[in-house]
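Worksheet: one structure, shown below.
The values are calculated or read from the model by the stated rules, or taken from the named source; none is laboratory data. Just so we're clear, the structure is a prediction, and the values are computed from it rather than from any experiment. Because the Cβ atoms are built from the backbone with ideal geometry, glycine has one as well, and the counts that use them run over all protein chains shown.
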Amino acid sequence: MSKIIFFLSLIILVASCKEEAKETTVVHESLWQSTKDSLPVKIGLDTKAHAILKDWLEYNALDKSFDKMYSSDYIEDFELVIDEIIENQKKLEESEYPEKFNIQQIKGRQKLFKTFVLKTKGDLEYRQNPTESMIQMIKAYNDLRNQFNVVVNNTLPEELLKNEEN
């Protein structure tokens, strides 16, 4: 009699564990979908900034990689996109900047963007919730794009800007 009760409880235990594993997979996918839907949007560029940036191939590659982030359906796809963003960001950092954007304000915002990309990559590798670091990364990228707009719309003479560095 005790053997029958033991086997019956073992079967119930195994059956209940299998159903719970299916539920966690669905929850994981729905969490990624809600995370992806809550991301801030990428800000636009002025036509002046866009005219300068269209010839900068490394920046255009980074921008295309960044756009893929919004279309990734699964977190595994997003991990691949982050790897691509890291590679393109390294190429951008090593590339020759357009003369108008070869200033410390642009390079500083680019380093901040790199920091948050690596933070997001770390969250993904350690299976932590990447939502906060993703939002910070997008804000840093928007700040970089906004700085492009500020530089091209700046009406201050170059002498004043050079005087500020001293």
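Can LEU57 be described as surrounded by 13 or more Cβ atoms within 10 Å (Cβ to Cβ), at pLDDT 95 or above, over 14 Å from the mean Cα position of the chain (by Cα) and of a type outside the set (Phe, Trp, Tyr)? In short, no. Of all residues in the stretch 127-150, those that are more than 21 Å from LYS48 (Cβ to Cβ) and touching a Lys or Arg at 6+ places or on another chain (Cβ under 6 Å) total 1. One residue stands out among those in the stretch 28-45 that are surrounded by 10 or more Cβ atoms within 10 Å (Cβ to Cβ) and among the aliphatic types (A, V, I, L, M): the one that is modelled with the lowest pLDDT, which is LEU31. Scan the stretch 81-113 for residues that are within 14 Å of the chain's Cα centre (by Cα), of a type outside the set (Val, Ile, Thr) and crowded, with 18+ Cβ neighbours inside 10 Å and the total you get is 4.
When the residues of the stretch 114-126 are filtered to those that are buried (at least 18 other Cβ atoms within 10 Å of the Cβ) and among the basic types (Lys, Arg), the one that is farthest from LYS54 (Cα to Cα) is LYS121.
Considering the conditions (1) hydroxyl-bearing (Ser, Thr, Tyr); (2) touching a helix residue (DSSP H, G or I) at 6+ places or on another chain (Cβ under 9 Å); (3) surrounded by fewer than 16 Cβ atoms within 10 Å (Cβ to Cβ), THR155 is excluded by exactly one of them, (2).
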